[in-house]
1. Quantify, in whole percent, the carbon and sulfur part of the accessible surface of region 164-288 (1.4 Å probe; protein heavy atoms only).
2. Along the Cα-to-C-beta direction of R28, a point sits 7 Å from the Cα; which residues of region 157-187 have their amide N less than 19 Å from that point?
3. Residue by residue through region 227-242, what is 3J(HN,Hα) from phi via Karplus (6.51 cos²θ - 1.76 cosθ + 1.60, θ = phi - 60°)? Round to whole Hz and write x for glycine and proline.
4. Where does helix 117-132 land angle-wise versus the long Cα axis of the chain, in degrees 0 to 90, nearest 10?
5. What nm distance separates the two modelled labels at E244 and R63, each placed 7 Å from Cα along Cα→Cβ?
6. Charges at C-beta only: +1 for Lys and Arg, -1 for Asp and Glu. How large is the resulting dipole of the chain about its Cα centre, in Debye rounded to 20?
7. Compute the length gained on full extension between R275 and E144: take 0.36 nm times their separation in residues and subtract their Cα-Cα distance, giving the result in nm to one decimal.
8. Per residue, how much accessible area does the chain show when a 1.4 Å probe rolls over the protein heavy atoms, in square angstrom?
Amino acid sequence: MMLRRTADGWDIYAPAKLNFFLEVLGKREDGYHEIVTVVCPIGLYDCLRFRTDPGGHIGLTVRCAAGWKAVQATDVPLGRDNLVVRAVELLRQRSGVRSGARIDLYKRIPIAAGLGGGSSDAAATLLAANKAWALGWPQEKLMELAAELGSDVPCFIAGGPVVCRGRGEQVEPIGRWPPMWCVVAKPPAGLSTAAVYQACRPADVPNSPKALMEAAGRGDLAAVGRLLWNRLQESAMKLSPWIERLSACFSQLGCLGHAMTGSGTGYFGVFRHARNARFAARRLSSCGVEVFVVQSCR
């Protein structure tokens, strides 16, 4: 997250994420799935402009960033259906603050793509409100609220590459992570997270993220590419022809490895150099998908 003070409030840049590893361990009694996942933020951002409203009103406007095709503002819910509104209401309720907020959300991160845009926006809202309302809450306290909002929200509060366990709310920072170039492809059709998880059959013997994290720690990008893993990819393939199509496309682009992110339909490949990533992106752009060239970020 990048937080910047403005003349009348705060601007905060909320990054998308990629799942470099995602294993599903089983279904929990609370209806969620037990997972272990390695998540890294990437240089693709939504922007939130947060201003305090002394009258106590909470208002959200959503705009598609100029020239951006991946998101239409009408695709993004408003009111309590939006995690941004729920985040600011939850923090206000727990803190006892009477002030409201006027929030302008500029969308760049595609929705229904496994990139975590809505969760990142919610985390950004908690951080901005904490500053704007001068609460001074520590990260640990904000993480508790984040976990109430959604399984992916805490990892964005923590920032940087992390490994997440439980339903995603148990977050542990990863000490070393090399910079790497990725190409992200977003098909025109999304997938329901619930439907993908419902179609997933957990493995009898689950994979471990240990080897991938060790490869990242020593800066071995080739090994990172080989060790990309997403248990949900097989079930997503049954629900959308785009996953298999993109897997075949990335296999021909000379990337170090490729995989679906989250519950899809976003798909990404890891490249050694920016020029390789840009060349691959130009080839992919003719396949009917939105394409983004990004770097992993801390």
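The values are calculated or read from the model by the stated rules, or taken from the named source; none is laboratory data. These numbers come from a predicted model, not from an experiment. Virtual Cβ from ideal backbone geometry, glycine too; neighbours counted across all protein chains shown. Ligands, DNA and RNA are excluded from the accessible area calculation, which covers all protein heavy atoms including side chains. Shrake-Rupley method; radii C 1.70, N 1.55, O 1.52, S 1.80 Å.
1. 50
2. Counting only backbone N, you get 157-158, 162-173.
3. 9, 4, 7, 9, 4, 6, 4, 4, 6, 5, 4, 6, 9, 9, x, 5
4. 30
5. 4.3
6. Details: 36 positive and 25 negative charges, 168 e Å.
I would put it at about 800 debye.
7. 43.1 nm
8. Numbers: 13270 Å² over 298 residues.
On a per-residue basis, 45 Å².
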